1. Tally Lys/Arg at +1 and Asp/Glu at -1 over every other residue whose Cβ is under 11 Å from the Cβ of Asp92; what's the total?
2. Could you report the chain's accessible area per residue, 1.4 Å probe, as an integer in Å²?
3. Note down the magnitude of the dipole of the chain about its Cα centre, charges +1 on Lys and Arg C-beta and -1 on Asp and Glu C-beta and zero elsewhere, to the nearest 20 debye.
4. With N set to the residue count of the chain, report its C-alpha Rg divided by 2.2 N^0.38 Å to two decimal places.
5. Sort Trp88, Trp126 from largest to smallest accessible area, using a 1.4 Å probe on the heavy atoms of the protein chains.
6. Considering only DSSP states other than H, G, I, E and B, which trypsin sites (Lys or Arg not before Pro) in segment 107-162 qualify as loop sites with at most 12 other Cβ atoms within 10 Å?
7. Sorted from largest to smallest, which semi-axis lengths in Å does the alpha carbon gyration tensor of segment 129-251 give for its equivalent ellipsoid, taking the root of 5 times each eigenvalue?
8. Provide, in order from the shortest bin, the percent of all Cα-Cα pairs of segment 215-269 in each 5 Å bin, continuing until the bin that contains the maximum pair distance.
Amino acid sequence: MKRPSPAFGSRSVLPLLVATTIVAGEPVPVTPWKTIPLDPEYSGAWVVAGDLTGDGAVEIVSARNVDQNDVHYTSAVVAQRLDGGVLWRWGDPTIGRRQLHHDVPCQIYDWDGDGRNEVVLATRGWLVELDGATGHERRRLPLPAAATDCLVFANLNGGPRATDVLVKTRYTRIWALNREGRELWSVENPGGFRTAHQPVPVDLDGDGRDEVMAGYAMLNADGSVRWVYQARQFDQGRGHCDCFRQVRGGPTPGDLRFVMTFCGANGIAMLDGNGRTLWEVTGQHFESVDVGPVLAGEPGRQIAVDIDHQPWGQGPVWVLDEAGTVRTRIMTDYARHHALIDWTGDGVAEILVAQPRTLYDGRGNAVALLVMDRADDAEGEERLALTGDFTGDGVPDVLLTTRAMSHVFIYRNEHGLRPDPPAAFGTGVNFSLY
């Protein structure tokens, strides 16, 4: 195989045939710090967490959704304390479902900047703002039809904080609204391609206003197209952008580095802030991406990405370096949901894979096993992995949920270091499955 130049180029890799996890000893079992029974009537598989009451403790918010021909919206929400007590309920639990295969438009955010979190959701035809502490409906703003696929806060006006909001259909159109619900702009098929699952706001040029990665197109803050990614090795028209993440920053757009995965087109690519290709790897259905220091003693940051649409029992996670070289292959039962977290306190992140409830180091060694001794641990049950500060010490912890969703499990990070800045309290703003 001809290799590209070290700085730029493309590469293809053969489909994964064998991947082995090299395990040094048995992983350390970790019991839950909190096990929260979820409200059986209103709870759903979409879970976010944050301080809703201002008491310094996180609450759990879970949501149900209605799905009609891939148009979906939030139908019911419940907020609960860590002891399982219900803080409030909203919506109609009889019309929705607990299951999900997509983001649900329900986020925790201090939208008005008063120091207290709201719960903001998109339901059929409306953007709804709920008081975080009481669930009281503060505002209801009209939405275009089907503009309820996900919910993202962005700073498009150059103010001190993000007060604008992005909503979208599943794959075709994005709207930008200000806090009063006034439409700022709308773009259909940005750059001639489908939208991403979740638009990603990022200030490329440091002017205080976010640009928006809308799919394969980077939009300016006013919605105009800044550039469109052009794949070198595959037909990007076959699918859409699954995931877009920043790898590192810099003083100019050309110094920035991003990684993007291509659903349907079976690729992953590194690009700069001008949309220029640095490398491409093809041949697998790469899905979700985590970026951080994963390989001890190695320079730069690494990329952990799962390969989806595989048979049960063959769920790979690959670790790539910033040059696009595959450094580690980890095989799990199902790898779709994962996250990075420094679990051992050595300044290097472990890879949390939700399905096997296991944290791996960057070489594939199993470091810790998260114990889940309940019906939620049924064989074949899909699990979701979330990270954030759930205990109040600024150190990131682990939250696991399952599609069965009878409980939420929180695992306290006993050895991890407090990062600078501290970990987000709860799951943070603009949480996404992708």
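The values are calculated or read from the model by the stated rules, or taken from the named source; none is laboratory data. Because the structure is a prediction, the values reported are computed rather than measured. Cβ coordinates were reconstructed from backbone atoms using ideal geometry, including for glycine residues, and neighbour counts include every protein chain displayed. To get the accessible areas, we keep the full protein, side chains included, count just its heavy atoms, and leave off ligands, DNA and RNA. Shrake-Rupley method; radii C 1.70, N 1.55, O 1.52, S 1.80 Å.
1. With Lys, Arg at +1 and Asp, Glu at -1, the net is +2.
2. 38 Å²
3. That gives a dipole near 1120 debye.
4. So the Cα radius of gyration is 0.94 times the expected 2.2 N^0.38 Å.
5. Order by accessible area, largest first: Trp126, Trp88.
6. For trypsin sites (Lys or Arg not before Pro) across segment 107-162 that sit outside H, G, I, E and B with at most 12 neighbouring Cβ atoms in 10 Å, the list reads Arg161.
7. After scaling each eigenvalue by five and taking roots: 26, 18, 13 Å.
8. 4, 18, 25, 25, 19, 8, 1
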